[in-house]
Each structure stands twice: as C-alpha cells, then as structure tokens.
C-alpha cells in the first residue's frame, strides 16, 4: 500500500529496487552512528540488510521518495518481530532538518492506527539522539520509560528512551513498584545501601527509624525499596535486580569497598547481561545488571 | 541578588511590593489551572501566598520585571523545603508564548549552579501541561520519572513528570528494580496477575514456564516483577506496592472479579494514600496505592 504526504511518497520497500539509492544512507557512518549495526560496505550488503528487516514477521516498511525530484531519501515503517509495533525511520544526511522524518513517521503512525489495526506504537531511541527524540515528540509519542541497551557492535551500553503513543488514552497507569524489604535494623541497612549502592533516603518513620524509603539514583523519583523493621528470624530473604545503563563498574567498586558480604564477582550471564551480586545480613540478595 | 536576562530583570521577591502586580497572575483561573492551589481571591491572599512560599527554608524567588515597560509579569525561582532544588515559575497569561518562562528559568538554573552551589535542579510538571514541559526541555531539563500526585483542592490525582538537570553528567544510572517473586506455579500466577492487575508477560523460560517477567502497563518498559518457580514451602511471602496515577477503581474491580483472595478493600491511609490489597496463594501481599 502506497502512502502519500505533502512532500513524500511512501513506496512499499523493495530491497532489489531501493538498495542502490538507500546505500547512500546505510553506508554513511554519520547516519549509522545511531543505528543498531555499523554502516554497510556495499550496495549488496545494504540490500541484504533491507531484506532481513523486511523478512521479520509483521514488518511493514516503505522507501521514502521525495515528490519534488523523485529521489529516494530514506526508509520508514513498522519493525517486524517485536511485541509492540515499533516505529522506525532512517534518512539521508543531506535532507536532515527539514521535517521529512516527522512527516514520514506521522504517516506510518496513521497507517498503524487506521489501517493496520494497531492500538499503540513505540519508538526506541538512544537518549543522546536529540533529533530523533524530537521526531518522536512531534509525532505525538511521549516518553514511557528507559532501558539499558547495548548494540552488538558497540563496546558500551547506552540508555534507550522508549517512546510510545496509544490510539486511545490508557485508563490505567502504573508508575512505580516498590518492594518491601524486611530487615532487622533499618538505620544500619540504610547506611549499608548508601555506601554500597549510592541509595538515597526518601522518607523515614520512627526514631530510630523502623520504616524507610530508599531511592536508587539522585532524583526525587526512581527505582526504590521500602525497608521495614522485623525480627531477624522473620526476615525471609528476597532478591531483586537493579538494571543500570551506566556506572556498573563504579557500583561494583563501591560494593567491594563497603561492608556487605556474599559478593559474587561480575560475570556474563547466558541471557545477555553482565551481573554481580551481594547479600545483606538477612540474606537478601541484590543483583546489579547491565547489558553484557 | 538581582539577575538580568535579555528582556527581564529578576528582582528578589518582596510580597509587600510585588503582590499587587502578581495578583493578576495568581488570581487568574487560566494560569492557576496548573498551580498547586486555587486562584487567590484578593491581593492580600496573593501577598500571603507569596510570603508563605518565601518562608520555606532555602526558597529563592524573584519577581520578573520586563525591561521594555517595567511591568512585573511573573515569578521564578527555587522552591524551599524540598530535598532537591525545585525550579518554579509562573507567568501572566497575556505574555505566554514569547519565551519569557524559558528565559527566566534559564537564569534561575544558571544561578543555582554557579552561585547557589547546587549540583542539580528538578521541576515537577503535570504531564498534560505541554507549555511547561516544553519550558523544561528548552531549559535543559529532561524527564527523570513520573509520580502520581493529587493537589489538595482537586478531586482526582494526576501524573506528574519529574524533570531534572544535573550540573555534571551522573556517572551512575539505575533504570529499573525488578523484585523476584517466588511462586509455586509460574503459569498460574501469570494468569492471576493478568486478570487482577492487567500484567503483561515480557519473557518466559522453561516449558511449562519456571521463570517469567511481568510488566505492569502496556509498554515495553515499566514497573515489573520476575516470577520464579519454587516449592510452595520455600516461597516466603513478600510484599510490594504499585503506585497508580489513573485506574485505581478499574484495578480494584478487576481484582475483585479475579480469583485472588485476601482482598483488603480500598481505604485511606494516614500517610496520604488510598490503598487496597490482596494476596497470592503463597501469601505474597500486593498493595495498590494512589494519592488519597
């Protein structure tokens, strides 16, 4: 199905027909700086990359032809093989800054809601990619959360912003989940988690405290736990994982320098993360995880 | 300390001197639509409101005088009595849309970092207040998370976006905390939490599943738990709270209609929330909370 916007025609992506024009995009390091893989080295590689994307179940991709001069200047569409329809686009560097990405993305979202029967779309954007985050906002997507991610060809993980737009407003919005951690000594645990994980106290009750709210991270809101005082023998050990996008090594150093015990050194896990762990006196196991 | 921008002078707020001009702002319902309290009814009320704000420990507030015509068109500054310096501003309706808020907020943030010795500022903005979220972004603050909040004079809670800017980039970024919930039957618990709390499965392992990731909310990222299979007698009961900004009644209905047990009906808590709770077969207690 062809789509049309004020300045673009969206043509169903045909790797054979479009690879040559799109190789100027996929072969350009400045564009691919933000992509999930390195620049392609040949038209043939670009063709294969496009074919692979198109082969994923549910993928609906278009080549973007500028009406003015019939030039193919990029690609946009919905990714295949994802749980929630994923908005994707890529644009030749020389046409950046003229609103073409927003124009194409808007047409794709309209198609998703009005013809494809989807009720929501997401776009995953590296947090430092300010051009693409602006495209998301102009296309009506808002920030829904962040994830640590590492692309295969990169050494380090980065922070990915998950943007999303729903066809209709969501009636339910769950913003936080705070587990309760029963501990024998609330102030001592606060000190331990401050030293080991840079936790911050958001509230306490009692003197000395028998309840405390802890937040991981420097802001008023963020992942956290509530500590409650219980007799040691009633503190059934529980486990939680902290996902970090930056500071894995710093946190490990701080944990080693603190007085926690049962430290399990950093190791790569079969499910693709790198993790270390330690224990609180009651046996609670805390895992710190980052993309491996 | 006076501050100056291209078009504004920022004068230390003096309730006696500035209340009359600022009453046009604080007395206007269209402006106060976004404020934490209703419009003031008189200059005297405005004066008292300003004096109260100024009296909070650490408050640093300025009246905004437009250089062009010496008109006092608003207020900006840093809130007192908050854990993290809180950027605040208010502007007369007739001068909206000309960049004055961004101009003032930028001067305040510069002051906070260069003269007041702060290393971060936050701004709490109602999520539907698109003018103010734009001011935050133009002032270099980014979204750090969301909170459910209810202003005293309003009937319903809303979603507050916590924007923040740090003087220097943070070396550590903790994005998620996932508690592990030991359960006797992973697939049965998945079904229970799907029905009761609209949970979504993000991953499973094993057939039948002995591990599953659950997310609360419709997006790829969000508050979640991991379920792991354990013999029933080893499933020490734990507790967690879900904070919701919308859908409290819907969730309660769904919980009542599901097959969970140990339902504690909605009640107002002394710490300012309204909560209901229920239990999973292993005794895990799940609390659903919203601003009361």
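Could you rank the peptides A:21-31, A:42-52 by their average count of other C-beta atoms within 10 Å per residue, with the highest value first? Kindly include the intermediate steps, with their values, before the conclusion.
On the way: A:21-31: 18.5, A:42-52: 16.2.
Going by the mean number of other Cβ atoms within 10 Å, highest first, we get A:21-31, A:42-52.
Going by how many other beta carbons lie within 10 Å of each one, how would you line up B:138, A:198, fewest first? Walk me through the intermediate numbers first.
Working: B:138 14, A:198 19.
Listed from fewest to most nearby Cβ atoms, that is B:138, A:198.
Could you give, in nm with one decimal, how far residue A:149 is from each other copy of that position, shortest first, with labels 7 Å out from Cα toward Cβ?
In ascending order, 3.0 nm.
Using alpha-carbon positions, what is the distance between the centroids of segment A:194-236 and segment B:239-292, in Å?
Going from one Cα centre to the other spans 21 Å.
Going by average Cβ density within 10 Å per residue, which order do the peptides B:9-16, B:257-264, A:76-83 take, highest to lowest? Please report the intermediate quantities before stating the final value.
Values: B:9-16: 17.2, B:257-264: 13.1, A:76-83: 19.1.
In descending order of packing, they fall as A:76-83, B:9-16, B:257-264.
How do B:32, A:75, B:1 line up, fewest other C-beta atoms within 10 Å first?
Working: B:32 17, A:75 23, B:1 10.
Ascending number of Cβ neighbours within 10 Å: B:1, B:32, A:75.
Which percentage, to the nearest 5, of the DSSP beta bridges contained in segment B:180-291 is antiparallel? Display every interim value, and only then the final one.
On the way: 22 of 31 bridges.
Around 70 percent of the beta bridges assigned by DSSP in segment B:180-291 are antiparallel ones.
Let me know the mean shielding of A:212-220 by other chains, meaning the per-residue number of their Cβ atoms within 10 Å of its Cβ. Don't jump to the answer; show the numbers that get you there.
Working: counts 0, 0, 1, 4, 6, 8, 11, 11, 12.
Average neighbour count from other chains, rounded to a whole number: 6.
Give, as ranges by residue number, the residues of segment A:96-134 whose backbone N falls under 11 Å from the point 7 Å along Cα→Cβ of residue A:82.
Of the residues in segment A:96-134, A:121-126 have backbone N under 11 Å from the label point off residue A:82.
Can you list, shortest first in nanometers, how far residue B:38 lies from the same residue in the other copies, with each label 7 Å from Cα toward Cβ?
Those separations, rounded to one decimal, come out as 6.6 nm.
How many nm is it between the label spots at residue A:33 and residue B:142, if each spot is 7 Å from the Cα in line with the beta carbon?
1.5 nm
Once the Cβ-Cβ distance between residue A:17 and residue A:44 is put in as r, and R0 is 22 Å, what FRET efficiency do you end up with, to the nearest 0.05? Show your work: numbers first, answer last.
Details: r = 14 Å, r/R0 = 0.65.
That pair, residue A:17 with residue A:44, gives E of 0.95.
Calculate for chain A the 222 nm mean residue ellipticity that helices alone would give, adding -39,500 (n - 2.57) per DSSP H run of length 4 or more and normalising by residue count, nearest 500 deg cm²/dmol. Numbers along the way, then the final one.
Details: 7 runs with 75 residues, N = 292.
Dividing the helical sum by the residues of chain A leaves -7500 deg cm²/dmol.
Per-residue Cβ counts within 10 Å, from other chains only, averaged over A:234-240: what number is that? Don't skip to the end; give the middle numbers.
Details: counts 1, 1, 6, 2, 9, 8, 10.
Whole-number average of other-chain Cβ neighbours for A:234-240 is 5.
Return a whole-number percent for the relative contact order of segment B:64-179, with Cα pairs under 8 Å and 6 or more residues apart as the contact set.
Numbers: 163 pairs, mean separation 22.9, N = 116.
RCO, segment B:64-179: 20 percent.
Pick from B:125, B:174, B:161: which is most flexible by mean-square fluctuation in a GNM of chain B where alpha carbon atoms under 10 Å apart are linked?
B:174
Label position 7 Å from Cα toward Cβ: report the copy-to-copy distances for residue B:207 in nm, one decimal, ordered from shortest.
List, nearest first: 6.1 nm.
Can you classify segment A:3-166 as rounded, prolate or oblate using the Cα gyration tensor, where a ≥ b ≥ c are the square roots of its eigenvalues, rounded means a/c under 1.5, and otherwise it's prolate if a/b beats b/c and oblate if not? Mind showing how you got there, number by number?
On the way: a/c = 1.37, a/b = 1.07, b/c = 1.28.
Verdict is rounded for segment A:3-166.
Averaged over its residues, how many other protein chain Cβ atoms are within 10 Å of peptide B:249-258's Cβ atoms? Don't skip to the answer; put the middle values down first.
Details: counts 2, 2, 3, 0, 0, 1, 0, 0, 0, 0.
Partner Cβ neighbours, averaged per residue: 1.
Work out how much length residue B:154 to residue B:279 would gain on full extension: take 0.36 nm times their residue separation and subtract the Cα-Cα distance, in nm to one decimal. Walk me through the intermediate numbers first.
Values: separation 125, 0.36 × 125 = 45.00 nm, distance 3.15 nm.
Result for the pair: 41.8 nm of gain on full extension.
Which order results if B:252, A:98, B:153 are arranged by neighbouring Cβ count within 10 Å, fewest first?
On the way: B:252 19, A:98 13, B:153 10.
In increasing order of surrounding Cβ atoms, one gets B:153, A:98, B:252.
What FRET efficiency comes out for residue A:232 versus residue A:70 if R0 is 51 angstrom and r is the Cβ-Cβ distance? Round to the nearest 0.05.
0.10
What do you get for the angle between helix B:100-114 and the principal long axis of chain B? Use alpha-carbon atoms, 0 to 90 degrees, nearest ten.
Roughly 80 degrees between the two axes.
So in segment B:3-166, what percent of DSSP beta bridges are antiparallel if you round to the nearest 5?
Details: 33 of 34 bridges.
Here the antiparallel bridges make up roughly 95 percent for segment B:3-166.
Using Cα springs under 10 Å in a Gaussian network model of chain A, which residue among A:132, A:173, A:202 shows the largest mean-square fluctuation?
A:173
Select the chain B residue whose beta carbon lies nearest to the rotation axis carrying chain B onto chain A, and write the distance in whole Å.
Whole-Å result, nearest residue of chain B to the axis: B:236, 1.
So for the pair residue A:98, residue A:195, with labels modelled 7 Å out along Cα→Cβ, what separation do we get in nm?
6.1 nm
Counting alpha carbon pairs within less than 8 Å and at least 6 residues apart, what relative contact order, in whole percent, applies to segment A:152-269?
Working: 138 pairs, mean separation 32.4, N = 118.
The normalised contact order for segment A:152-269 reaches 27 percent.
Read-outs: derived from the displayed coordinates by stated rules, not from any lab. Here the structure is a predicted model, which is why all the values come from computation and not from measurement. Virtual Cβ from ideal backbone geometry, glycine too; neighbours counted across all protein chains shown.
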